[in-house]
Amino acid sequence: MAVTLRKYPYPYMGMLAINSDIDRCTLSEFEEIHRFLNTKEQTSIGEGLGLDIADSFWFYNKQHGWVDELPAGFGDTMCYCQGTDINTYKDKEKIIKYLYCGWIDTMHTYGNFNTAETPLWTRKFAIDAMKDLSLLRNYYGIQLRIWSDHGDSYNTQGFASGNSGGVFSSQSYHLDITREYGVKFGWGPHRTGSFGKESMLTPTTFTAGTNKMWVFDRFIGMEPYPNYHWVGNMLDLQLTQSNLDKLKTDGLYEIVAQHMGCGLSPKEDIRENQVFIDNDPIFPLEVQAALQNLKAEQDAGNILVARSVRLLNYNLAQLYVQWSYDTVGDKVVITTIADPQFGSFVPTINDVRGLTFEGVTADSKIFIGQTEVADVSYPAVGVAMINWFTPDYTDYTQLNLSDLLPPINLKEKKVNSAPFKTLKNI
Ligand SMILES: [Zn+2]
């Protein structure tokens with residue numbers, strides 16, 4: 001019997017992530033949302049689900065004024081800096097903590113530069129932000145891999161059509177910086193209303209030739225009103241049973257676009273004239289039920305729920321892993337992941353977690369190069385898999401950054417002299 005690579009980690013038949021934009025989500029909302037989603041604690045929303053769902057963040061937020069008059073408006077959104085001042089911090093410590101533990105895996109652009117007021121977005125803001133982000137990578141192993149576009153026509157840093165983040169000749173251009181730092185996956189040019197994809201990854205090349213990225217689609221909502229389902233109080237309209245069934249029956253991936261920290265009202269009128277609301281409760285009962293149903297699909301071995309970066313990394317590995325089966329040694333040997341956008345690399349175990357080989361014997365081994373992988377299981381006859389990530393239900397709201405990581409003074413360190421640590425946030 002030939003040895004084959006399974007599409008999804010055993011026994012799952014599909015894979016799903018929720019990728020949430022941070023707009024209008026305060027720090028306290030973020031914490032209660034992720035206590036409910038990620039831990040098994042009793043929360044104000046309900047008993048924690050213990051799912052692996054991550055979020056996004058802004059480094060800057062220039063918007064104040066009228067938005068502060070609304071509940072949880074743009075000006076109150078969780079943000080690394082206070083406004084656009086690189087030397088004044090707002091939620092820095094907690095954002096670093098949540099980056100480190102994996103509750104954040106996406107940069108929702110460098111920040112909110114909506115509206116015509118100054119300062120307008122320029123490349124300089126990316127350079128300044130990278131001073132901190134590079135140190136966090138070098139000292140703490142925090143490596144962001146995902147970008148998602150945000151904002152109105154003034155926030156020109158995006159990659160979607162009409163924005164200039166990937167346009168070499170523009171003042172807004174930053175793709176070279178962002179890519180060199182390590183972002184590999186970007187959302188922006190595509191929005192879809194159909195649920196489920198064979199693969200999330202579309203190879204894309206921006207201007208200036210070498211600026212390749214993996215671009216992924218996110219599911220927003222069903223036609224004919226696709227723009228109005230990606231808010232917390234409408235999550236149940238995205239996670240319908242028929243949508244989840246598609247992942248199972250057709251063997252598909254999906255990344256669901258969300259803004260979990262806010263809602264739209266009135267919910268029953270999914271057309272025009274809706275206004276943003278501060279959800280209270282954050283997730284109404286029907287949304288809680290949809291999330292509990294998603295959890296049940298995972299518990300039944302049908303759909304694996306994973307933070308976006310894990311889903312995308314897995315998708316990449318499953319498509320491009322180079323491997324062979326050595327019948328004499330009775331072993332699967334993985335050599336590289338031949339990433340056509342960023343180049344071939346020798347994977348670490350975290351790059352290949354979940355890969356499942358069928359048609360092997362119970363005595364077979366899995367190697368990366370010369371090294372046998374220890375964290376392997378044999379969940380069924382003829383099946384060997386590199387184990388998926390161990391679930392982490394820790395309530396990180398109860399821990400301080402200093403409980404997890406030694407302090408560093410970001411301003412005193414030089415980027416180039418920093419030691420490089422093993423990457424954590426994957
Ligand atoms: Zn946004």
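For this structure, a couple of remarks:
- When restricted to residues that are more than 16 Å from the ligand (Cβ to nearest atom), among the β-branched types (Val, Ile, Thr) and over 17 Å from ARG307 (Cα atoms), region 1-53 contains 4.
- Scanning region 273-289 for residues that are assigned to a strand (DSSP E or B) and modelled with pLDDT of 95 or more turns up nothing.
- Region 116-159 - residue that is of a type in the set (S, T, N, Q) and part of a loop (DSSP other than H, G, I, E, B) and, of those, farthest from the ligand (Cβ to nearest atom): GLN143
- Odd one out for ASN87, checked against (1) at pLDDT below 95; (2) out of contact with any helix residue (DSSP H, G or I) (no Cβ under 7 Å at 6 or more places or on another chain); (3) part of a loop (DSSP other than H, G, I, E, B): (3)
- THR106 being within 16 Å of the ligand (Cβ to nearest atom) and modelled with pLDDT under 95: no
- Complete set of residues in region 302-352 that are of a type in the set (Gly, Ala, Ser) and surrounded by fewer than 14 Cβ atoms within 10 Å (Cβ to Cβ): SER324, GLY329, ALA338, GLY343, SER344
- Taking the conditions (1) of a type in the set (A, V, I, L, M, F, W, C); (2) modelled with pLDDT under 90; (3) within 12 Å of GLY111 (Cα to Cα) in turn, ALA129 satisfies each one other than (2).
- Residue in region 137-159 that is surrounded by the most Cβ atoms within 10 Å (Cβ to Cβ), counting only those that are more than 15 Å from HIS108 (Cα to Cα) and either of a type in the set (Gly, Ala, Ser) or outside the structural domain of THR106 (by TED's automatic domain parsing) (or both): GLY141
- Pair list, Cβ under 7 Å, 6 or more apart: region 1-26 residue touching a residue at least 24 places away in the same chain (Cβ under 8 Å) and in a loop (DSSP other than H, G, I, E, B), other residue within 16 Å of the ligand (Cβ to nearest atom) and of a type in the set (Ser, Thr, Tyr): ASP21/SER56; ASP21/SER148; ILE22/SER56; ILE22/THR77; ASP23/THR77; ARG24/THR77; CYS25/THR77; THR26/THR77
- Among the residues of region 31-54, the one identified as hydrophobic (A, V, I, L, M, F, W, C) and modelled with pLDDT under 95 is ILE45.
- First in region 112-127 and under 13 Å from SER164 (Cα atoms) and in the same structural domain as ASP85 (by TED's automatic domain parsing), second anywhere and more than 16 Å from the ligand (Cβ to nearest atom) and among the basic types (Lys, Arg), Cβ under 9 Å, 6 or more apart: none
- Residues of region 160-174 satisfying the condition of being over 13 Å from TRP121 (Cβ atoms) and either outside the structural domain of PHE206 (by TED's automatic domain parsing) or away from the ligand (no atom under 13 Å from the Cβ) (or both): SER161, GLY162, GLY166, PHE168, SER169
- Any hit, region 78-99, residues being of a type in the set (S, T, N, Q) and within 16 Å of the ligand (Cβ to nearest atom): no
- Residues (basic (Lys, Arg) and closer than 26 Å to GLN258 by Cα) located in region 302-349: ARG307, ARG310
For (1) within 30 Å of ARG6 (Cβ to Cβ); (2) modelled with pLDDT of 75 or more; (3) surrounded by 15 or more Cβ atoms within 10 Å (Cβ to Cβ), each residue gets a yes or a no:
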{"position": "ASP250", "(1), (2), (3)": "yes, yes, no"}
{"position": "TYR253", "(1), (2), (3)": "yes, yes, yes"}
{"position": "VAL256", "(1), (2), (3)": "yes, yes, yes"}
{"position": "ASP269", "(1), (2), (3)": "no, no, no"}
{"position": "LEU291", "(1), (2), (3)": "yes, yes, yes"}
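- Look at (1) exposed (fewer than 14 other Cβ atoms within 10 Å of the Cβ); (2) within 27 Å of THR390 (Cβ to Cβ); (3) of a type outside the set (A, V, I, L, M) and you find that SER242 fails only one, number (2).
The values are calculated or read from the model by the stated rules, or taken from the named source; none is laboratory data. Just so it is clear, the structure is predicted and the values come from calculations on it, not from any experiment. Glycine gets a Cβ as well: all are built from the backbone with ideal geometry, and neighbour counts include every protein chain shown.
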